[in-house]
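A short worksheet on the structure shown next.
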């Protein structure tokens with residue numbers, strides 16, 4: 001799976017130009033290869049049909065998932081991120097669900113999935129921050145694992161916007177967008193994160209067009 005911009009026209013243009021790199025091999029580029037299953041996403045007025053792509057080198061296929069979405073989640077990433085922020089501020093899942101207009105069971109699932117990986121997420125995004133930034137300020141421990149994990153994502157967001165600006169190849173750079181792009185859309189996927197991120201700039205900036213996960 002590869003994270004791309006929301007604009008499908010821009011995605012098609014970059015596919016045709018060979019500007020989307022393959023995450024599975026060195027120097028490989030992706031070309032169009034059909035579409036994934038169409039799906040509804042809460043928070044949008046249209047159905048989403050992600051593009052599929054195939055590496056012209058190694059032949060591996062990938063789904064190109066917009067940076068507005070997380071893998072196998074039927075809600076906008078901004079909504080899910082808002083739930084995490086509310087949780088870090090002390091809200092319970094029922095209160096969060098009422099505020100977002102989302103079933104309580106859905107919010108509880110998001111919080112459980114994130115809550116089980118808070119420390120790995122914190123470590124991962126501090127790695128992203130250090131790779132992307134200069135003289136990165138490491139947030140101090142707050143006593144709350146939720147606050148610390150979100151602070152690490154915020155540090156990555158500051159590092160990315162400080163280096164590349166507030167508008168990158170994937171669109172406006174938000175904390176939620178950094179969480180999606182920095183995890184390759186797998187923020188809540190089983191088994192993620194399994195290793196630390198590579199020590200290179202995070203791929204949401206405009207100066208790194210060959211990397212999109």
Tally, over segment 54-71, of residues that are over 22 Å from residue 22 (Cβ atoms) and more than 11 Å from the chain's Cα centre (by Cα):
0
Failed condition for residue 102, given (1) more than 14 Å from residue 175 (Cβ to Cβ); (2) part of a helix (DSSP H, G or I); (3) more than 15 Å from the chain's Cα centre (by Cα); (4) in contact (Cβ under 8 Å) with a residue 40 or more places away in the chain, with all others met?
(2)
Only one of these conditions is not met by residue 134: (1) modelled with pLDDT under 95; (2) crowded, with 17+ Cβ neighbours inside 10 Å. Which number is it?
(2)
Among the numbered criteria (1) farther than 19 Å from residue 188 by Cα; (2) more than 15 Å from the chain's Cα centre (by Cα); (3) surrounded by 18 or more Cβ atoms within 10 Å (Cβ to Cβ), which one does residue 5 miss?
(2)
Please go through segment 115-131 and pick out each residue that is surrounded by fewer than 21 Cβ atoms within 10 Å (Cβ to Cβ), part of a helix (DSSP H, G or I) and in contact (Cβ under 8 Å) with a residue 60 or more places away in the chain.
120, 123, 127, 130, 131
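The values are calculated or read from the model by the stated rules, or taken from the named source; none is laboratory data. Worth saying up front: this structure is predicted, and the values here are computed from it rather than measured. Note that we place each Cβ from the backbone using ideal geometry, even for glycine, and neighbour counts take in every protein chain shown.
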